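The block underneath contains the structure these notes are about, expressed in structure tokens.
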Amino acid sequence: MPDSALQEKRAKLSPIIACYRDAPAVPIMYERLVAVCAKSGCDYEIIFVNDCSPDDAREVLAELAAKDPGVVVINHSRNFGSQAAFASGLRIATGDAAILMDGDLQDPPELIETFVEKWKEGFDVVYGVRVQREATRTMQVAYKLFYRLFRATSYLSIPLDAGDFSLIDRRVMDALKSLPENNLFLRGLRAWVGFKQTGVPYVRPERMFGTTTNSLLKNLGWARKAIFSFSYVPLDAIMALAFLMVAISFVAILFQIVARIFLPSLVPAGFTTLIVLILFLGGIQLLCLGIIGSYLAHIYDEVKRRPPFIVESILNSPKAKKES
């Protein structure tokens with residue numbers, strides 16, 4: 001939360017933009033960010049994270065950094081994903097607040113002005129709420145279902161339809177950087193750290209250039225990471241399923257005993273029933289093993305303690321500026 005001293009001085013914003021296949025959008029993003037920071041009365045430190053984009057983003061960003069010392073460029077050694085890109089930017093950001101954005105211009109920079117107003121009112125986190133997105137009907141329904149399923153299964157109160165696009169105060173930035181986990185799902189971690197938060201509704205447009213890098217398989221992977229990071233419901237479901245199967249088995253045994261005594265013609269005979277029951281129980285066991293395996297894989301990734309990203313180079317590094 002900004003204090004009285006921050007209200008008196010000129011605040012500094014650190015927009016962090018995750019870039020992957022977004023080279024044509026970079027110059028437009030830069031111009032719009034500079035304009036909105038000036039309109040908000042804030043200094044800026046624009047951090048572009050090139051997540052090993054296969055287009056000419058490196059050259060475009062290098063040209064921007066050479067022209068404006070307020071532009072910081074982080075080049076990753078390979079593609080680590082948007083969550084790692086945001087974490088990379090947060091690690092070196094020096095602003096009073098950071099703004100997490102995708103580089104495809106689907107997060108409108110002009111909304112930052114409203115974010116800053118809410119921030120100055122005393123909110124530590126201001127996130128965008130997607131009241132509508134320009135996408136296919138199927139994808140719109142899928143995203144809506146995911147957020148509601150995530151909220152229903154999570155042990156946290158997760159805002160509905162809120163992505164990564166957000167302003168986070170320096171205190172929240174420091175709290176997020178202190179978290180040791182490598183399987184990052186920042187919109188969940190943002191809710192976990194707490195502080196005073198609010199949402200701002202907006203319409204999320206389509207990409208201005210190119211096609212989306214998301215796919216159904218990738219989105220399912222996102223959903224899996226979110227649920228296994230912030231929910232114990234799948235494990236609880238295994239326990240409930242086990243009790244249910246025991247109860248069904250007990251009832252079936254009683255029915256078998258009673259039927260053999262009074263109605264022997266109703267008792268199933270032959271191998272067909274046996275095979276069906278074995279396949280049914282085997283399927284349930286494999287499902288349970290899959291759920292447990294997902295949690296184990298999540299734990300395995302964490303205990304290896306590999307860094308979530310590797311930085312190849314930094315242009316206009318804030319640390320170098322400070323030392324000079």
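The values are calculated or read from the model by the stated rules, or taken from the named source; none is laboratory data. Everything quoted here is computed from the prediction, not taken from an experiment. Note that each Cβ is placed from the backbone with ideal geometry, even for glycine, and that neighbours are counted across all protein chains shown. Protein only, heavy atoms only, side chains kept; ligands, DNA and RNA dropped before computing areas. Shrake-Rupley method; radii C 1.70, N 1.55, O 1.52, S 1.80 Å.
Backbone geometry of region 87-97 corresponds, through the Karplus equation with coefficients 6.51, -1.76 and 1.60 at θ = phi - 60°, to 3J(HN,Hα) couplings of 4, 5, x, 4, 5, 10, 5, 10, x, 6, 8 Hz, x marking Gly and Pro. Partner aspartates and glutamates whose Cα lies under 15 Å from the Cα of residue 67, excluding those fewer than 8 positions away in the same chain, are identified as 31, 45, 59.
Here r is the Cβ-Cβ distance between residue 296 and residue 317 and R0 is 30 Å; the resulting FRET efficiency, rounded to 0.05, is 0.20.
For residue 120, a cut-off of 12 angstrom between C-alpha atoms picks up these aspartates and glutamates, skipping any fewer than 8 places away in its own chain: 3, 8, 96, 169. Annotation: residue 120 carries an accessible surface of approximately 90 Å², with a 1.4 Å probe and no ligand, DNA or RNA atoms counted. Placing R0 at 45 angstrom, the Cβ-Cβ distance between residue 310 and residue 242 gives a FRET efficiency of 0.60 after rounding to 0.05. At the residue level, residue 166 shows approximately 0 square angstrom of accessible surface with a 1.4 angstrom probe and all protein chains present.
For the residue pairs 144/177; 196/304; 9/225; 118/319; 144/319, the alpha carbons lie more than 32 Å apart in 196/304; 9/225; 144/319.
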